[in-house]
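This report refers to the structure that appears directly beneath it.
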């Protein structure tokens, strides 16, 4: 290299969540929610490194080959001089020594003393038993229909399908409505329980097409409302409409509103996200194997 830059600038880049629910994050639906996630990540990590947000159509993520934890080094002329699909601090240090030069006293993680903060608190969890998703299920394509709702999507749909559903059009589908902790809301169990209703075209059979969520005796909780459905379609990749009704109350008890929202769901794999996880009420994580793989690698802070 014939240039000698005076220093190095570091950036975090927010891409789609590789593993929804990890660290209590729910996949955002708008760029404003991605920016809210960035603010929460800065608060929790205590880092002063600048964040950049990918667009909602994930242009950067796609350009990087949809890798979950990639990193790259760009020279002052905008040329990518090093790139890897999985972040490696040791290899990155070698890159920087090669392009910029070594330093006398490399910074260690233990030197940083970052003021990390706990996750956003909420009302009780562990009230409603979690649904056991089928092994190998992976995220499905969903599109929130924003124009039908004037309120934020306080509870966000997560849909997953089994490999045979994606391949043959017949299999099991998981749908779960997960409260977004960014909005600090909970279920009001003194109001009617969450209800969903599916409207599908001819040739698409989904059962049950209607459902009602758990309605525990506790006045409030923040557990997801989850369902398993059986799907049989003429051909894979067809779509359907899903409508959901629920009551959302903020944790500060300043509002409690009825909400009606809609989604278009496509019975096809959403490759922007990888296998999701289940977080227990005590913060522990249940990990599941991806289809066709052995033991999954450990999750880390960068996922």
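We did not get these values from a lab; they are worked out from the coordinates using the rules stated. Note that the structure is predicted; figures quoted are calculated from it, not measured. All Cβ positions, glycine included, derive from the backbone under ideal geometry; neighbour counts span all protein chains shown.
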Could you tell me the distance between the Cα centroids of region 85-142 and region 220-262, to the nearest Å?
29 Å
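Looking at the P(r) of region 11-112, how many percent of alpha-carbon pairs lie beyond 19 Å? Provide the component values of the computation, followed by the final result.
Details: 2748 of 5151 pairs.
Beyond 19 Å sits 53 percent of the P(r) for region 11-112.
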Taking 0.36 nm per residue of separation between residue 113 and residue 131 and subtracting their Cα-Cα distance, the length gained on full extension comes to 2.6 nm
What FRET efficiency, computed as 1/(1 + (r/R0)^6) with R0 = 22 Å and r the Cβ-Cβ distance, is obtained for residue 252 and residue 124, rounded to the nearest 0.05?
0.85
Assuming R0 = 51 Å, what is the FRET efficiency of residue 62 and residue 215, from their Cβ-Cβ distance, to the nearest 0.05?
0.80
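Translational diffusion coefficient of region 138-272 at 20 °C, 1.002 mPa s, Stokes-Einstein with Kirkwood Rh over Cα pairs, in µm²/s as a whole number.
Once the numbers are plugged in, D ends up at 139 µm²/s.
Neighbour counts of other C-beta atoms within 10 Å: give me 114, 242, 72 arranged from fewest to most.
Working: 114 11, 242 23, 72 14.
Going from sparsest to densest Cβ surroundings: 114, 72, 242.
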Normalised convex hull volume, region 193-238, alpha-carbon set, Å³ per residue:
80 Å³
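Report the equivalent ellipsoid semi-axes for region 49-170 in whole Å, largest first, defined as the square roots of five times the eigenvalues of the gyration tensor built from alpha carbon atoms.
Result for region 49-170: semi-axes of 38, 23, 18 Å.
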Cβ density ranking, 10 Å radius, fewest first, applied to 175, 277, 145 yields 145, 277, 175
Final fewest-first order of 51, 275, 187, 86 on the 10 Å Cβ neighbour count is 86, 51, 275, 187
Compute the helix-to-body angle for 31-45: its Cα long axis versus the longest principal axis of the chain, expressed 0 to 90° and rounded to tens.
60 degrees
Obtain the nm distance between the two label points defined at residue 47 and residue 151 by a simple spin-label model: each point lies 7 Å from its Cα along the Cα-to-C-beta direction.
3.5 nm
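Roughly what % antiparallel, to the nearest 5, for the DSSP beta bridges in region 11-112?
Numbers: 4 of 9 bridges.
Restricted to region 11-112, the bridges split so that about 45 percent are antiparallel.
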Determine, at each q value in 0.06, 0.10, 0.12, 0.13 (inverse angstroms), the log₁₀ of I(q)/I(0) that the Debye formula gives when each Cα of the chain is one equal point scatterer.
-0.24, -0.63, -0.88, -1.01
Relative contact order of the chain (C-alpha contacts under 8 Å, at least 6 apart) in percent is 22 percent
